[in-house]
Amino acid sequence: MMVRPLVLAAAAGLVLATPAAAQQQATEQENLDCAIWATYNLGMAGNEAMQSGLAVAVAWFIGLYEGQAGKNIDAAMAARTAEMDEAMINALTMPCSGRFLDFADRVSKRGKGLRAGGQ
């Protein structure tokens, strides 16, 4: 399975441009919010490609959060989701999809380098 096409398919329906700040180190709160954003959109994804790409995004953002926080995301995700409405989640589209597209680009470049015998 190639991750890059799935990621692009998911992101194509969610964002038209990526923010310049997509490469910044994110905070725990930003990773938590993006995990919520990706999970929310996964539940509404209209096709398999978007579902697959967003499932990768959910796992990635959860991993980032749990790595920073040193704890399981479940309680924090439940508490934060209760504070958010649909508009707040939708406002996360640009920053979260931008960060995820940046990640996909890095993974894709690494994969091409490995296939070419590089590092």
For this session: Enumerate by residue number the trypsin sites (Lys or Arg not before Pro) in region 44-119 meeting two conditions: DSSP loop (anything except H, G, I, E, B), and at most 13 other Cβ atoms within 10 Å of the site's Cβ.
Result: LYS71
Problem set entry | From phi via Karplus (6.51, -1.76, 1.60), per-residue ³J(HN,Hα) for region 91-102 in Hz, x at Gly/Pro | 5, 7, 4, 4, x, 6, 5, x, 5, 5, 5, 4
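How much net charge surrounds ARG99 when only other residues with a Cβ under 13 Å from its Cβ are counted (Lys, Arg +1; Asp, Glu -1)?
Result for the local shell: -3.
Determine the sum of side-chain charges near ALA116: Lys and Arg each +1, Asp and Glu each -1, restricted to other residues whose C-beta is under 13 angstrom from that of ALA116.
Once positives and negatives cancel, what remains is +4.
Read-outs throughout are calculated quantities, based only on the coordinates presented, and are distinct from any laboratory measurement. Because the structure is a prediction, the values reported are computed rather than measured. Here the Cβ is made from the backbone with ideal geometry for all residues, glycine too, and neighbour counts use every protein chain on show.
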